[in-house]
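The values are calculated or read from the model by the stated rules, or taken from the named source; none is laboratory data. This is a predicted model, so every value here is computed, not measured. Don't worry about glycine lacking a Cβ; one is built from the backbone with ideal geometry, like all the others, and counts go over all protein chains shown.
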Protein chains: 2
Amino acid sequence: MSVTPPVTTVKTSTRPRLFTPGPVEIPNRILRALSQIPPHHRTDVFREVYKRVSADLQWVHQTEGEVLMLAASGSGAMEACVVNLMSPGQKALCLVGGKFGERWGSICKAYGVPYETIEVPWGHAIPVAEVEKKLDADPSIAVVFGTHSETSTATLHDAKALAAVTKARKRLIVLDAITSLGVHPLPQDEWGVDVVVTGSQKGLMSPPGVATVSLAPWALSAIEGDKLPRFYWDLRKARKNLPAGESAYTPAVSLIYAVGEALLMMKEEGLANVHTRHRKLGAATRAGAQALGWTIFSKSPADSVTALEPPAGVDAGAAVKRLREIHGITVAGGQDHMKGKMLRIGHMGSYDLSDIYVVLGALEECTNALGRPCTGAIEAARRAWEAA
Amino acid sequence: MSVTPPVTTVKTSTRPRLFTPGPVEIPNRILRALSQIPPHHRTDVFREVYKRVSADLQWVHQTEGEVLMLAASGSGAMEACVVNLMSPGQKALCLVGGKFGERWGSICKAYGVPYETIEVPWGHAIPVAEVEKKLDADPSIAVVFGTHSETSTATLHDAKALAAVTKARKRLIVLDAITSLGVHPLPQDEWGVDVVVTGSQKGLMSPPGVATVSLAPWALSAIEGDKLPRFYWDLRKARKNLPAGESAYTPAVSLIYAVGEALLMMKEEGLANVHTRHRKLGAATRAGAQALGWTIFSKSPADSVTALEPPAGVDAGAAVKRLREIHGITVAGGQDHMKGKMLRIGHMGSYDLSDIYVVLGALEECTNALGRPCTGAIEAARRAWEAA
């Protein structure tokens, strides 16, 4: 390329746009649901809503089990899994390929739960064979805690194979699907995933503040008995009140209306279409960014988030800053040791190909402005979108 | 009275109205704040909001300490107090005069914390002298857990005297102010209340889903050291990120905008005026209900909620039902052993005297319809409001 494409010096946007790996852009329908005058939570009006949202959560999880809602962020629901599944003295296995995998270990540590880890470098998925080996070597491991889509590295794990391995060995598996539910297929009952955790501000397109724990039918009894200390997280209490359309403690009523609206939107689109759309968005984003000289960080890329390393000479932190300051676009940088070295674009929830043009168009400008001449992101994205 | 006042047979209202002891009616300004497109929580825009809301929470708590926000209901914040203040083996004292006082004991029990209780019949406040006696008799008690306004009985406790007693004996006191903050004066630092808990859906006029723990300046160090297992509730992590305008885990961004707007409204009105308004509303509600033959349940009535027992021959449950079905008004019934025997009217947050006319006018109709001829609630309310 002999002529450097033009770069801008003035702000190109009149409104902020969110491309972070959650919270995500909230569709207007959901903002409207959020801002309606909420009823009291111990009324028939709300009980019916609660039951409907609960049933629609079963639909999105593809389970005949129960999906329990908590007023909390996703980390709270992760803690709920640990304290409701682990009995004192039992050992856990934590699968660690990034910041959110690490969190399972931190929770175990806080409660004095003995745990093993399988660790892989960031950007890699945990090899299923290693889990198999570890479980065979250590029969005292009761529960495996893993991540479906690891947000810090934009890496997808093979949930189906992991669940098959744990099921065959009669261990439980809990998957953090916070950035995969409503993005990647995860048919809980069919694949045999015992417990799945998610949050409201990712594929469910709502503000943060509701987190869920989905128990497969055969895993409902796993929360009974002598477990770690539990009060607010006590899922037995959440289960007990569910048939009556009630939560154990005051639920985040407005946020539940938002999640309910999100689920209606997903049902209108159809679950398979939602998954296909995300597959195409992931492919488009990766292809567009690669056309600009950026490298896909993950060896097993998820379709919820794209983690990118910059072309030689381009500073990732400067790109994050310029996207925000010139283009009004918020993306995420790297976390922990990848801080300043990575750019993460979230595209889960309501995004479509036009949104991907927005973020890639801006990234193209930034990459040029930061010293690396490039073009063609949009065309590459469209081709990949069509092929995916 | 020789002529029975008219009773209605058709629905009198075109829209639902909320008079429960929380969640409360949400002012339109707050619904608008709630439905704005929220920024990502790790951006300067939100950090500034978080710091401002945090400072305004200090203002409403009248503390130079720190007010930590959690994505949870009030019960979660209560649990956070127990796990952050109690060291393994330490003993607690729980003050129990109703359902929410009982909850402190349930949390202690879940964590295996040894605890004593002082129990009084529902509707009575815990006598301060008994707390004094208990603390003197048992030097092993480290923390006292009490309730400022007990929602199940609409009973106010003498927070100032309780704090003086614990302070003099070098014990900590934690007060559940979930239905008193922004209603009754509770100057935390001046009265020496170590820790105060509240929730977003009461005096703060917002939907449920944010709860707070306010630590007095001298109580900040009380959460350090070897405590009960804590991860999501770990207030050390919440404190650490507060100066940067960040929460430990993903905050309930939209709800924090709502709470922030509520605090702006309260600052515009002035804290003393907010307290005066509630004092007058409490007096008006009680006087109006008494004029209709209802009895005030509490011996120490709070101004956030009014708990009423029906006149002879009138069924409280039928009144709750008729208020809802004919008048579109949701009030609360009694809890636990008071189920069906009590009616509780919430009037905390944005309510004014006109709102009290609404609920009393409807209660007057219901009381007549249920067989007890009566009149004069509005006039009695107005007189009491003026005198209070």
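Is it the case that segment A:1-14 has a residue that's part of a loop (DSSP other than H, G, I, E, B), within 29 Å of the chain's Cα centre (by Cα) and within 13 Å of chain B (Cβ to nearest Cβ)? The answer is no, given that none of the residues of segment A:1-14 is part of a loop (DSSP other than H, G, I, E, B), within 29 Å of the chain's Cα centre (by Cα) and within 13 Å of chain B (Cβ to nearest Cβ). For segment A:219-245, the tally of residues that are out of contact with any Lys or Arg (no Cβ under 9 Å at 6 or more places or on another chain), of a type in the set (Gly, Ala, Ser) and not in a loop (DSSP other than H, G, I, E, B) stands at 4.
Within segment A:52-78, residues that are under 30 Å from B:Met69 (Cβ atoms) have Cβ atoms under 6 Å from residues that are of a type in the set (Phe, Trp, Tyr) in these pairs: A:Ser73/B:Tyr249; A:Ser75/B:Tyr232; A:Ser75/B:Tyr249; A:Gly76/B:Tyr232, counting only partners at least 6 apart in sequence or on another chain.
Only residues that are under 30 Å from A:Arg344 (Cα atoms), out of contact with any His (no Cβ under 9 Å at 6 or more places or on another chain) and among the hydrophobic types (A, V, I, L, M, F, W, C) were counted across segment B:37-63, and they come to 4. Would a scan of segment A:183-203 turn up a residue that is buried (at least 20 other Cβ atoms within 10 Å of the Cβ) and among the hydroxyl-bearing types (Ser, Thr, Tyr)? There is at least one residue in segment A:183-203 that is buried (at least 20 other Cβ atoms within 10 Å of the Cβ) and among the hydroxyl-bearing types (Ser, Thr, Tyr). The residue that is farthest from the chain's Cα centre (by Cα), among those in segment B:20-34 that are at the interface with chain A (Cβ under 7 Å from one of its Cβ atoms) and either under 22 Å from B:Thr250 (Cβ atoms) or in a loop (DSSP other than H, G, I, E, B) (or both), is B:Leu34.
When restricted to residues that are hydroxyl-bearing (Ser, Thr, Tyr), in contact (Cβ under 8 Å) with a residue 24 or more places away in the chain and farther than 15 Å from A:Ala332 by Cβ, segment A:271-311 contains 1. Of all residues in segment A:167-199, those satisfying the criterion of being small (Gly, Ala, Ser) and under 19 Å from A:Leu68 (Cα atoms) are A:Ala177, A:Ser180, A:Gly182, A:Gly192, A:Gly199.
Restricting attention to segment B:111-128 and to residues that are surrounded by 18 or more Cβ atoms within 10 Å (Cβ to Cβ) and within 14 Å of chain A (Cβ to nearest Cβ), the residue that is farthest from B:Leu95 (Cα to Cα) turns out to be B:Tyr111. What about B:Ala55, is it away from every other protein chain (no Cβ under 14 Å) and under 27 Å from the mean Cα position of the chain (by Cα)? Yes: the conditions hold for B:Ala55. Taken over segment A:86-104, residues that are of a type in the set (Asp, Glu) and in contact (Cβ under 8 Å) with a residue 12 or more places away in the chain amount to 0. Listed by first and then second residue, the pairs with beta-carbon distance under 7 Å, at least 6 apart or on different chains, first residue in segment B:221-236 and within 11 Å of chain A (Cβ to nearest Cβ) and more than 14 Å from B:Pro88 (Cα to Cα), second among the acidic types (Asp, Glu) and buried (at least 21 other Cβ atoms within 10 Å of the Cβ), are B:Phe231/A:Glu79; B:Tyr232/A:Glu79; B:Trp233/B:Glu79.
Report yes if B:Leu68 is more than 9 Å from chain A (Cβ to nearest Cβ) and crowded, with 19+ Cβ neighbours inside 10 Å, otherwise no. Taking the combined requirement at face value, the residue satisfies it. Which residues, taken from segment A:290-334, are crowded, with 24+ Cβ neighbours inside 10 Å, away from chain B (no Cβ under 14 Å) and within 21 Å of the chain's Cα centre (by Cα)? Selection gives A:Ala302, A:Asp303, A:Ser304, A:Thr306, A:Ala307, A:Leu308. Out of curiosity, is A:Glu48 away from chain B (no Cβ under 13 Å) and modelled with pLDDT of 95 or more? Against the criterion (away from chain B (no Cβ under 13 Å) and modelled with pLDDT of 95 or more), A:Glu48 qualifies.
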